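A short worksheet on the structure shown next.
The values are calculated or read from the model by the stated rules, or taken from the named source; none is laboratory data. Since the model is a prediction, treat every value here as computed from it, not as a measurement. Reconstructed Cβ throughout: ideal geometry from the backbone, glycine too, with neighbour counts over all protein chains shown.
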Amino acid sequence: GTDTDTGTDTRSAPRPAGRHGADPVIDLHGAGKTYRTGTLEYEALRGIDLQIHEGEYVAIMGPSGSGKSTLMNIIGCLDTLTAGEYHLSGDDVSELDEVELAQIRNRRIGFVFQQFNLLASLPAWRNVELPLMYGRVPMHERKQRAIEALERVGLGDRLANRPGELSGGQQQRVAVARALVGEPSLILADEPTGNLDSTSTTDVLGLFDELHAQGRTLVLITHELEVAQRARRIVWVRDGRIHTDEVNGR
Ligand code: ADP
Ligand code: MG
């Protein structure tokens with residue numbers, strides 16, 4: 001069309017002062033998710049309102065089955081809402097096509113999962129370079145960046161090892177390297193320490209602290225209070241709803 005925008009120019013509008021002056025990175029409004037399995041329905045998310053701003057470190061807590069992973073899949077554009085709205089960095093996710101969603105997942109978001117989700121047949125550095133393959137980064141640069149990411153997580157001496165040759169904690173550090181290799185602004189971690197012993201948990205949480213200090217936005221899903229207390233804000237989910245949303249007083 002040839003419409004011209006006659007509305008107010010919001011770019012010149014004064015913004016509220018403070019660190020939350022900018023628009024949120026994650027903006028969920030009345031977000032709902034109903035799973036349909038044959039004739040059965042289950043309402044896993046029931047009207048979630050959640051805003052997360054750039055640079056925040058937020059833990060999402062709640063009992064098993066409360067909807068945490070569903071929420072992470074929505075935030076990470078791995079699944080779509082059945083009610084309400086989700087804006088990611090200002091984009092209405094419901095209006096994006098599969099190609100655009102894949103680009104967002106590969107370029108703007110780093111994922112860490114409980115089960116590590118590494119490819120068993122590939123050496124560590126090959127696992128780490130995978131997100132860069134979608135970004136048309138040339139091979140020599142992909143390898144260099146994968147090596148640097150593995151060095152950052154303390155695995156510079158394990159580049160060529162396959163996941164089966166690494167401990168659980170090392171595998172999760174490979175997954176963290178994979179999550180950060182593309183320099184995404186948003187890191188989503190779903191129970192990243194769920195399969196780790198306490199030493200490896202400390203290592204992985206230390207890496208998240210570093211990523212937060214570098215200004216990245218972190219959303220850490222966990223059912224463990226000790227893990228959640230590393231974050232600056234704790235959102236409790238219960239039965240698909242936000243129960244409390246509080247600054248972590250520690
Ligand atoms: P959490 O991560 O907090 O344990 P989930 O988000 O995995 O919770 O699950 C929330 C609810 O949604 C649970 O009752 C679960 O059984 C249900 N659920 C999750 N995924 C699916 C699915 N793909 N199909 C049907 N129901 C699902
Ligand atoms: Mg879960």
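Couple of notes before you dig in:
- The stretch 30-76, subset within 15 Å of ligand 2 (Cβ to nearest atom) and closer than 19 Å to Asn248 by Cα, residue surrounded by the fewest Cβ atoms within 10 Å (Cβ to Cβ): Pro63
- Within the stretch 227-240, if we keep just the residues that are more than 16 Å from ligand 2 (Cβ to nearest atom) and in a strand (DSSP E or B), the residue that is surrounded by the most Cβ atoms within 10 Å (Cβ to Cβ) turns out to be Ile234.
- Single match in Leu101, Leu78 (criterion: more than 25 Å from Ala160 (Cβ to Cβ), touching a residue at least 12 places away in the same chain (Cβ under 8 Å) and within 16 Å of ligand 1 (Cβ to nearest atom)): Leu78
- Residue in the stretch 209-220 that is in contact (Cβ under 8 Å) with a residue 60 or more places away in the chain, more than 23 Å from Gly135 (Cα to Cα) and within 16 Å of ligand 1 (Cβ to nearest atom) present: yes
- Subset tally (residues that are of a type in the set (Ser, Thr, Tyr) and under 20 Å from Asn73 (Cα atoms)) for the stretch 166-192: 1
- Qualifying positions in the stretch 38-57 - within 23 Å of Leu186 (Cβ to Cβ), touching a Lys or Arg at 6+ places or on another chain (Cβ under 6 Å) and within 15 Å of ligand 1 (Cβ to nearest atom): Ala44, Leu45
- Subset of the stretch 199-226 that is small (Gly, Ala, Ser) and part of a helix (DSSP H, G or I) - its residue that is nearest to ligand 2 (Cβ to nearest atom): Ser200
Yes/no per residue for (1) at pLDDT below 95; (2) closer than 22 Å to Lys143 by Cα; (3) out of contact with any strand residue (DSSP E or B) (no Cβ under 7 Å at 6 or more places or on another chain):
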| position | (1), (2), (3) |
| --- | --- |
| Arg158 | no, yes, yes |
| Glu183 | yes, yes, yes |
| Pro192 | no, no, no |
| Asp197 | yes, no, yes |
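- Of the residues making up the stretch 228-250, those that are touching a Ser or Thr at 6+ places or on another chain (Cβ under 6 Å) and at pLDDT below 95 number 0.
- Residue match in the stretch 156-173 (condition: loosely packed, with under 13 Cβ neighbours inside 10 Å and of a type in the set (Lys, Arg)): no
- Test: Leu205 is over 17 Å from Pro63 (Cβ atoms) and touching a Ser or Thr at 6+ places or on another chain (Cβ under 9 Å): yes
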